[in-house]
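Below is one structure, written out as structure tokens, with a few remarks after it.
The values are calculated or read from the model by the stated rules, or taken from the named source; none is laboratory data. As the structure is a computational prediction, the values presented were derived from the model and not from experiment. A quick note on method: Cβ atoms are made from the backbone with ideal geometry, for glycine too, and the neighbour counts reach across all protein chains shown.
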């Protein structure tokens, strides 16, 4: 190598060694930073994802809870509870309850009809027929359940819940009915002041006789002017088809 080439070769060699040293230094420094970060994360145990929601125990639906309370109250005063199917023959839903073929309730504007001569029950009254045919008086029974009518607007639903009772015995009067209502309201609303009740008569063309009782509940924390509770009843005619 000539004297003129030696300085250039020496400079290239020096630059190559310096570049190699920088790369080694950067590699070692990067490893050190990574090791330090991993050690810090392990020490602090950082969690970068939210915890799961978990599974909480569910509760009973308010409608079902109310249903159970109604059953418990009536059982406490001697009533049995009878459940029935929601699909009913036309005879059980209407004919056996003295509602003839020309009765307004049989109109398709009021009733959901299905195939096979069946319908979605419009009330829980068919329970009276079935229960009275299989039990002998005295009879004290209620039948809570879902009922269906062709009625849907801002204040009505085609499906609603109904509780209907049947009391067959000697020497039973509307005074007994009033006593049952009073005891029920006091137990249901947990308020012994539920004594102010006005029993009045209204005209209902589909009932005979058609009494309707309006009960006044005193004001409470949920409503300043109190609550009104209405109950309707009817007497059973002697020709009701309770016996097959």
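Assorted remarks:
- Scope region 97-122; condition at pLDDT 80 or above, assigned to a loop (DSSP other than H, G, I, E, B) and within 20 Å of residue 143 (Cβ to Cβ); matching residues: 111, 112, 121, 122
- Leading residue by the ranking (nearest to residue 137 (Cα to Cα)) among those in region 62-74 that are surrounded by 13 or more Cβ atoms within 10 Å (Cβ to Cβ) and out of contact with any helix residue (DSSP H, G or I) (no Cβ under 6 Å at 6 or more places or on another chain): 74
- Residue 97 falls short of the stated requirement of being surrounded by 13 or more Cβ atoms within 10 Å (Cβ to Cβ) and touching a strand residue (DSSP E or B) at 6+ places or on another chain (Cβ under 8 Å).
- Of the listed requirements (1) modelled with pLDDT under 85; (2) closer than 26 Å to residue 188 by Cα; (3) touching a helix residue (DSSP H, G or I) at 6+ places or on another chain (Cβ under 7 Å), residue 81 misses just one: (1).
To keep it simple, each residue is scored yes or no on (1) in contact (Cβ under 8 Å) with a residue 24 or more places away in the chain; (2) surrounded by 12 or more Cβ atoms within 10 Å (Cβ to Cβ); (3) within 15 Å of residue 93 (Cα to Cα).
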site: 125; (1), (2), (3): yes, yes, yes
site: 135; (1), (2), (3): no, yes, no
site: 148; (1), (2), (3): yes, yes, yes
site: 151; (1), (2), (3): yes, yes, no
site: 158; (1), (2), (3): yes, yes, no
site: 168; (1), (2), (3): yes, yes, no
site: 174; (1), (2), (3): yes, yes, no
site: 178; (1), (2), (3): yes, yes, no
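- Hey, residue 64 free of Cβ contacts under 8 Å to residues at least 12 places away in the same chain and closer than 30 Å to residue 164 by Cβ or not: yes
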